[in-house]
2 protein chains.
Amino acid sequence: MSKNLTQQLTHKLGEAIVKGDYPIGTRMPSEAVLCEQFEVSRSATREAVKMLSAKGLISSRPKQGITVNPETLWNLYDSDVLVWILKSKPSLQLLKEFTEVRFAIEPMAAKLAAENATPQQIKDIEQALYRISEAEEGLEDQLDAHLNFLNMILVASGNRFFIQLTQFVDAALRVSIRYTNQVKGISNTDVTFHVKVFNAIKDGDANTAQALIYEVLSDAVVLIESRL
Amino acid sequence: MSKNLTQQLTHKLGEAIVKGDYPIGTRMPSEAVLCEQFEVSRSATREAVKMLSAKGLISSRPKQGITVNPETLWNLYDSDVLVWILKSKPSLQLLKEFTEVRFAIEPMAAKLAAENATPQQIKDIEQALYRISEAEEGLEDQLDAHLNFLNMILVASGNRFFIQLTQFVDAALRVSIRYTNQVKGISNTDVTFHVKVFNAIKDGDANTAQALIYEVLSDAVVLIESRL
DNA sequence: AATCACATATTTATATGATAAATGAAATGA
DNA sequence: TCATTTCATTTATCATATAAATATGTGATT
């Protein structure tokens, strides 16, 4: 739980909005009413409204009130927003779209990592690889290790936009893993696969790195398609 | 100019932060000092701080004050943040990274558009194509037409994450176009190229659509690489 | 000397009341 | 009919007071 009132309210309202409790295009309750309903001061309410505006979910203007923005304006790349959606309205369709993004990004990131990774970053990936091999059988532990490996590759790409996605991918996968109750496409149980990826990056073999990541993601797509 | 004080302050502080006026990891002036410096009330200041927090630029805690977050936490996919960076610290390096993202996203979007576009969306793309052919010689007008064409493809992908990127790509390209003073890689002057893209999407020829977009982007990469 | 508990000071967090500004809608007048 | 003005509603802004969180320092205890 977030500690302060503003953040609590931000999360509550954020989830409610993406859930559809306040339909798109309609007015939300006015400031005063929100204060009453959630029993917080105007300060807290206004600050929460501002945070949600900053994330693109709502806009507020005098007289017109607080209105829910069309979905195209929502900052889906904001981890909060994405998690709210995945939690409130989990859908395989969204997971499919998310996987398409991973499909676009991750092979390219692996390619760039092979081209640009610093010696330290290579060591970090190797360390992540070690964590995978040492991971207990417990799902949590394995998931952590695999996400760490993936994140290290994104970081090693040296591209700030990809690096920024670490939180995004991390957050989304943690939620979606609960939903599908599957690790396939995220954590290939065969660690030799990750060794191959690591070697390709270490050797600067961009095309191989790209192809390998592409391959593991294909599993994820097949998995989701089969359930749609 | 944004109309209200909170937003003005948000933009001022946001630009100042990405510019490096408040170095990463350091404390920003306290709430009270910011009020004095910018001559606004605490409400406005606090609301601006909340908006910047929501965008990942800063965090604030009692006693510790307001601190600038590491760059990895900044929401680069937030159009505001991206534009602030491009305006305050324009760099070819960032443009290169941005282009790498386009490289990852746009061919995939074209592929998905070929697979999923609705009849109406195909019409929209055709309409965008018409605008390109009709565009005056003026750079502004051409740029608008080309960005519109691109946006229509992203929308037609049917993937919410790609659709969300329209604003992101739009904003970034408008700024970068001023910086490089080049349209290459954004608007291929030869309209027959766009006709090919359109036809591929209309005919559901996913691979061709993907390859064509890949091709036009290659120009952009070559252009930027040559100037780095 | 080291460590733990506690007091203290600083900063943000929250609450509240008052006034200003923006804006959509209704009333007015030519 | 249309432009203008008035009015009511809602957010925006300001000001002030109090609470809560927390880093730092202090002193007692071992």
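Couple of notes before you dig in:
- For A:LYS19, the conditions (1) touching a helix residue (DSSP H, G or I) at 6+ places or on another chain (Cβ under 6 Å); (2) open to solvent by less than 20 Å² (accessible area, probe 1.4 Å); (3) away from DNA strand C (no atom under 13 Å from the Cβ) all hold with the exception of (2).
- Residue in segment A:22-33 that is nearest to the other protein chains (Cβ to nearest Cβ), counting only those that are within 16 Å of DNA strand D (Cβ to nearest atom) and either modelled with pLDDT under 95 or surrounded by fewer than 18 Cβ atoms within 10 Å (Cβ to Cβ) (or both): A:GLU31
- Selection of first residues in segment B:60-75 that are more than 10 Å from chain A (Cβ to nearest Cβ) and closer than 21 Å to A:ASN159 by Cα and of second residues that are within 16 Å of DNA strand D (Cβ to nearest atom) and modelled with pLDDT of 95 or more, restricted to Cβ pairs under 8 Å at least 6 apart or on distinct chains, gives the following pairs, ordered by first then second residue: B:VAL68/B:GLY25; B:VAL68/B:THR26; B:VAL68/B:MET28; B:VAL68/B:ILE58; B:ASN69/B:ILE58; B:ASN69/B:SER59; B:PRO70/B:GLY25.
- Of note, B:SER2 satisfies the criterion of being within 16 Å of DNA strand D (Cβ to nearest atom), within 24 Å of A:LEU52 (Cα to Cα), in a loop (DSSP other than H, G, I, E, B) and hydroxyl-bearing (Ser, Thr, Tyr).
- Whichever residue in segment A:2-16 is surrounded by 22 or more Cβ atoms within 10 Å (Cβ to Cβ) and more than 20 Å from the chain's Cα centre (by Cα) and, among such residues, is farthest from DNA strand C (Cβ to nearest atom): A:LEU9
- Filtered residues of segment B:16-33 (kept if under 14 Å from B:ASN69 (Cα atoms) and charged (D, E, K, R)): B:LYS19, B:ASP21, B:ARG27
- Among the residues of segment A:34-57, just one is away from chain B (no Cβ under 12 Å) and open to solvent by less than 10 Å² (accessible area, probe 1.4 Å), namely A:LEU34.
- Residue selected from segment B:35-78 under the condition within 13 Å of DNA strand D (Cβ to nearest atom) and hydroxyl-bearing (Ser, Thr, Tyr), by the criterion farthest from the chain's Cα centre (by Cα): B:SER41
- For the residues A:ILE177, A:ILE125, A:ILE132, A:ILE186, the requirement of being assigned by TED's automatic domain parsing to the domain that holds A:ALA104 and at pLDDT 95 or above singles out A:ILE125.
- In segment A:117-173, of all residues being more than 10 Å from chain B (Cβ to nearest Cβ), open to solvent by 30 Å² or more (accessible area, probe 1.4 Å) and among the small types (Gly, Ala, Ser), the one that is farthest from the chain's Cα centre (by Cα) corresponds to A:SER133.
- Sole exception among (1) within 12 Å of DNA strand C (Cβ to nearest atom); (2) facing chain B (nearest Cβ under 10 Å); (3) in contact (Cβ under 8 Å) with a residue 40 or more places away in the chain for A:LEU82, by number: (1)
The values are calculated or read from the model by the stated rules, or taken from the named source; none is laboratory data. Please read all numbers here as calculations on a predicted model, not as lab measurements. Neighbour counts are summed over all protein chains in view; Cβ atoms, including those assigned to glycine, are modelled from backbone coordinates with ideal geometry. Note: areas computed on protein heavy atoms with side chains; ligands, DNA, RNA excluded. Shrake-Rupley method; radii C 1.70, N 1.55, O 1.52, S 1.80 Å.
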